[in-house]
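A short write-up of the structure that comes next.
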Amino acid sequence: MELPNDPMILLSYVNTQLRDNYASLDDLCAGLGVAREVITEKLAAVDYTYDAERNAFV
């Protein structure tokens, strides 16, 4: 699956997937076949980082 290009839509999509389907960011990346850096770098550009305790980007 191709990830959304817009960072805010990506944020919403990723956080929803983490909440509903995946126990961690690593699980999500493996499930979608996407490198962790792709997601973290796009979301870091809009000041969001992954919080493992919350299992969400905040």
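The values are calculated or read from the model by the stated rules, or taken from the named source; none is laboratory data. Only a predicted model underlies this, so the values are computations on that prediction, with no experimental measurement involved. The accessibility values were calculated without ligands, DNA or RNA, using every heavy atom of the protein model including side chains. Shrake-Rupley method; radii C 1.70, N 1.55, O 1.52, S 1.80 Å.
For the chain, with all protein chains in place and a probe radius of 1.4 Å, 49% of the accessible heavy-atom surface sits on carbon or sulfur.
Remark: the stretch 19-34, residue by residue, has Karplus-estimated 3J(HN,Hα) of 5, 8, 10, 10, 7, 7, 5, 4, 5, 4, 4, 5, x, 8, x, 10 Hz, where x stands for each Gly or Pro and the curve is 6.51 cos²θ - 1.76 cosθ + 1.60 at θ = phi - 60°. With viscosity 1.306 mPa s and temperature 10 °C, the Kirkwood radius over alpha carbon pairs of the chain converts through Stokes-Einstein to a diffusion coefficient of 143 µm²/s. Per residue, the accessible area of the chain comes to 63 Å² when a 1.4 Å probe rolls over the protein heavy atoms. For SER12 and VAL34, the difference between the fully extended length at 0.36 nm per residue and the C-alpha to C-alpha distance is 6.3 nm.
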